[in-house]
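As structure tokens, the structure follows; a few thoughts come after it.
The values are calculated or read from the model by the stated rules, or taken from the named source; none is laboratory data. Being a predicted model, the structure only gives us computed values, none of them experimental. Backbone-built Cβ (ideal geometry, glycine too); neighbour counts: all protein chains shown. We work out accessible area using only protein heavy atoms, side chains counted, and drop any ligands, DNA or RNA first. Shrake-Rupley method; radii C 1.70, N 1.55, O 1.52, S 1.80 Å.
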Amino acid sequence: MRARALRALAIVAAVVATTVGCGSFDQSESARQQALVDDGYAQARGGVKLALPVAVPEGYRLTRFWSVANVYTERGKPESIARSAEFSGPGGPVRVCEEVAKIPGDLCPRSNIGITEKKDGLVRTVSMETTPQDDPRAVWGEVGYSSALADWSWLSPPA
């Protein structure tokens, strides 16, 4: 009964905050995207830190973030050897995936738009489910990538 009352109160508070302008779509979207990243890193705390665009191309938003494959440390804790993120946008779904280069098996899909980078023992690929009319390299190949969450401007609400 108490849980039901708390849930109802939370829904009312969210509606009121949105109605009176205390919350905005950008802030809630940013919070949702932050939760996706937090959950994705919680799957396997160590290992690959996925480098994502510092600024996401216009019209795209993060829809999924996950650990593609894990190994287990001597203490039995999972450590990610590949992580992936998916963005939705005007050119269709875009997947950014990064994996440890020395592990065989190609855990990430090969880039079908020609964006692959090898750096610091990792391989990052960018692939799309559909081929947009615009050149995807012009949209996704020119962005800067970083594995530091603080660098991802799209993950923070606008100032």
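Enumerate the whole-percent occupancy of each 10 Å bin, from 0 to the last occupied one, for all C-alpha pair distances of the range 69-155.
15, 45, 31, 8, 1
How much length is gained if the chain between ARG110 and SER146 is pulled fully straight, taking 0.36 nm per residue apart and subtracting their Cα-Cα distance, in nm to one decimal? Please list the in-between numbers first.
Working: separation 36, 0.36 × 36 = 12.96 nm, distance 2.01 nm.
Value of the extension gain: 10.9 nm.
Express in nm, to one decimal, how much length is gained between ARG32 and LYS118 on full extension, taking 0.36 nm for each residue of separation and deducting their alpha carbon distance.
Details: separation 86, 0.36 × 86 = 30.96 nm, distance 2.99 nm.
28.0 nm is the gain from fully extending ARG32 to LYS118.
How much of the accessible area of the range 89-132, in percent, comes from carbon and sulfur atoms when a 1.4 Å probe is used?
Numbers: 1250 of 2500 Å².
Roughly 50 percent, rounded to a whole number.
For ASP106, tell me the accessible area in Å² from a 1.4 Å probe, rounded to the nearest 10.
Solvent-accessible area, nearest 10 Å²: 90 Å².
Taking amide H atoms as placed 1.01 Å from N in the peptide plane, list the residues 5 or more away in sequence, or in a different chain, whose amide H sits under 5 Å from that of TYR145.
VAL54
From the Cα gyration tensor of the range 23-119, with a ≥ b ≥ c the square roots of its eigenvalues, which class applies: rounded if a/c is under 1.5, or else prolate if a/b is larger than b/c, or else oblate? Write down the numbers at each step before the final one.
Numbers: a/c = 2.80, a/b = 1.32, b/c = 2.12.
In terms of gyration-tensor shape, oblate.
Give me the 1.4 Å probe accessible area per residue for the range 41-159, excluding ligands and nucleic acids, in Å².
Details: 6690 Å² over 119 residues.
Ligands and nucleic acids excluded, the result is 56 Å² per residue.
How big is the dipole moment of the range 27-142 about its Cα centre under a simple scheme where the beta carbon of each Lys and Arg is +1, that of each Asp and Glu is -1, and everything else is neutral? Debye, nearest 20, please.
Working: 15 positive and 16 negative charges, 76 e Å.
Here the size comes out at about 360 debye.
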